[in-house]
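The values are calculated or read from the model by the stated rules, or taken from the named source; none is laboratory data. Predicted model, so just to flag it, every value in this text is computed and none were measured. Because the Cβ atoms are built from the backbone with ideal geometry, glycine has one as well, and the counts that use them run over all protein chains shown.
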Amino acid sequence: MPDYKVNFKELKARVGVTDVAYALGYRLDRKAGVGRYIELVLGDGQEKRDTIIVSHPNDRSAQTFFRRDGSKGDVLTLIRENLDAFFVTGKDDWQKTAKVMARFANMPEPEYHEDWEYLKSAKAASVFDASRYEVRQIDVERIPQIFRQRGLSDETVRRFAAFIFLVRDKRNGNFDGYNIGFPYTGADGQVKGYEIRGYGGYKSKAAGTDSSSAAWVADFSGGNPEEVRSVFFCESAFDAMAFHQMNRSRLHPDVALVSLGGTFSDNQITVVMNRFPKAKAFDCFDNDIAGRIYGLRMVGLIEGVPMKISKAEDGLQVEAEGKTFTVNPAKPLASQLAAHLPVRYLTGQWLPPKAFKDWNDCLLNKPVAPVLAPCKEERDRNLAERRKGSLKM
């Protein structure tokens, strides 16, 4: 497929906030009325997880959205907030977002090699500005309720308190409160941004957060990174905290837990592992195809075996070292790879139980709803009803 430059303006003329929101499961709140703005709700009844107010509902190119907590954005923002729902891979958020937009616009997905021109224009003003945010330590005597809503105990929050802050965006005129901020740090240990979580399912990242080489790292070695023998990689800080809470009795005290914030960058993995030179990396990612692709990419990076990974009918196809083979995402990855590649077992897997999407859902005992295959009698009955319904009167 030939390369081409990504024109986000053209894509936005064809893909609106409403298109993406409906695909994510949002539905129109008719009680809120329909006019210059509409309200879209994720979930229903007392299980409402998010509400966005969308402008220009009949003009895709002009659509933006905001929430009552002050967060706002356009269709690109909504996609980036939910990248893990679209199962796309790429070098960074902007590549993945472009692929999602292309799918919605029924255009070919862009392939990327050395063409980074579109990134320069899309990421102009993307440097993290620490002065924009007011930051406070978590008060362990007044732990925010959001942690309990996530099933996290006060003891767990106190244990992680050194790696969690309250963050207020001083430029946000609509929301003057604090959200939870999980600081992203780079190789030098300096804060490069924040993974931000708030009530009502709100999640984002601080403006300009470096998601390409920085990550949230909770290092329990007390300043002795060479003592760390295990680094556990998760897709969110809440997942990492849940993993630790559920497995603490089985863990060595000197461990590190990492959140990639729902994205995966090669540099995030390599920079983190360079901080812990004697450690083994563990794949604790979500129980979905995206999570298994992350796990395979992590193995390839740490083992030094470049891989090309793609979906196949019977699993995930891997191309590496001149070989092409398929792995079963439901089985341990390293042993399957070892049948074809020189694997030194520098990585491991510690996945959530199969009934759960991620470690936080496991802590909350929220299993994935099983999809039950209909029995033969039910299939025959459904077929007969469809045939009956298609008869002309």
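Which strands (runs of 3 or more DSSP E) sit wholly inside segment 261-328 and have at least 2 residues that are closer than 23 Å to N82 by Cβ and of a type outside the set (S, T, Y)? Talk me through it step by step, then tell me what you get.
Numbers: elements: 280-283, 308-312, 315-320, 323-327.
Strands (runs of 3 or more DSSP E) meeting the threshold: 308-312.
All conditions but one from (1) at pLDDT below 95; (2) closer than 30 Å to F243 by Cβ; (3) β-branched (V, I, T) apply to V127; the one that does not is (2). Scanning segment 328-358 for residues that are surrounded by 16 or more Cβ atoms within 10 Å (Cβ to Cβ) and among the basic types (K, R) yields one hit, K357. Considered as a group, the residues in segment 80-99 that are small (G, A, S) and not in a loop (DSSP other than H, G, I, E, B) include one that is modelled with the highest pLDDT, and that residue is A98. Applying the criterion of being within 24 Å of N360 (Cβ to Cβ) and of a type in the set (D, E) to the residues of segment 266-289, the residue that is farthest from the chain's Cα centre (by Cα) is D283.
Checking the stated criteria, A237 turns out to be under 21 Å from P353 (Cα atoms), crowded, with 24+ Cβ neighbours inside 10 Å and not hydroxyl-bearing (S, T, Y).
What residue, of D288, D283, D314, is in contact with a helix residue (DSSP H, G or I) (Cβ under 6 Å, 6 or more places away or on another chain) and of a type in the set (D, E, K, R)? Quick ask: steps written out before the conclusion?
Details: D288 fails: in contact with a helix residue (DSSP H, G or I) (Cβ under 6 Å, 6 or more places away or on another chain); D314 fails: in contact with a helix residue (DSSP H, G or I) (Cβ under 6 Å, 6 or more places away or on another chain).
Going through D288, D283, D314 in turn, the sole match is D283.
Scanning segment 103-124 for residues that are surrounded by 15 or more Cβ atoms within 10 Å (Cβ to Cβ), at pLDDT 50 or above and over 30 Å from R197 (Cβ atoms) yields a single hit, A105.
Quick one: in segment 252-280, which of the residues that are buried (at least 23 other Cβ atoms within 10 Å of the Cβ) and of a type in the set (A, V, I, L, M, F, W, C) is modelled with the lowest pLDDT? Of everything passing the filter in segment 252-280, F264 is modelled with the lowest pLDDT.
Determine whether S249 is at pLDDT 95 or above, touching a Lys or Arg at 6+ places or on another chain (Cβ under 8 Å) and polar (S, T, N, Q). Reasoning before the result, please.
On the way: at pLDDT 95 or above: yes; touching a Lys or Arg at 6+ places or on another chain (Cβ under 8 Å): no; polar (S, T, N, Q): yes.
Spelling it out, it is not the case that S249 is at pLDDT 95 or above, touching a Lys or Arg at 6+ places or on another chain (Cβ under 8 Å) and polar (S, T, N, Q).
Limited to segment 75-92, what total is found for residues that are touching a helix residue (DSSP H, G or I) at 6+ places or on another chain (Cβ under 7 Å), within 21 Å of F175 (Cβ to Cβ) and charged (D, E, K, R)? Here the count works out to 1. Being surrounded by fewer than 18 Cβ atoms within 10 Å (Cβ to Cβ), touching a strand residue (DSSP E or B) at 6+ places or on another chain (Cβ under 7 Å) and among the small types (G, A, S) is true of S310.
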